[in-house]
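Engineer: Sharing a structure, written as structure tokens. Questions coming.
Every number in this text was worked out from the coordinates using simple rules, so none of it is lab data. All values reported here derive from a predicted model rather than from experimental measurement. Using ideal geometry, Cβ is built from the backbone for each residue, glycine included, and neighbour counts are taken over all protein chains shown.
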Amino acid sequence: MAMLARRLTDSLYVEAMLLADEARAYFDASYQGDGREALEPFDRVLFSCESLKVTTRLMHIIAWLLTQRAVDAGELSRDQVREPSRRLGPAVASDDAGLNRLPEAARKLIATSVDLYRRVERLDAGTGDDVLTTSSARHLLHRLSQSF
């Protein structure tokens, strides 16, 4: 979003990075025998696929947020941000039926990544809109100051 407030961008970026670190630690530990080994073979494949989906969601989110920072820093124009290659990348949906077969910690990470992705997706949907660069109140104050 071209006019995304810096604090919101920074907050979402921190949230995404913390979640990425948490997911990496969890899935790395699981691959080292801490939970994945207890799963049935089909569920291990499902577990691996879901870990890749979480990672993909988070990388799309982080890339999108870095793009917003580049706009804020003046490194990219608003027109460049509207290009499809600068938009939020697509995320493959998780298989709800299969999620119940996974450990609760994995389900929680998956759900959290989906929630974060959906929030950023709503912001990305507004990127093409011509949004005021300032709040409505500041815009009104500016108009009032121009009148006097």
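Engineer: Order the peptides 114-120, 6-12, 78-84, 47-53 from the highest to the lowest mean number of other Cβ atoms within 10 Å of their residues.
Structural biologist: The peptides rank, most packed first, as 47-53, 114-120, 6-12, 78-84.
Engineer: In segment 33-74, if every C-alpha pair distance is counted and binned at 5 Å from zero, what percent goes to each bin?
Structural biologist: Going from the shortest bin to the longest, the percentages are 6, 21, 16, 13, 12, 9, 9, 7, 6, 3, 0.
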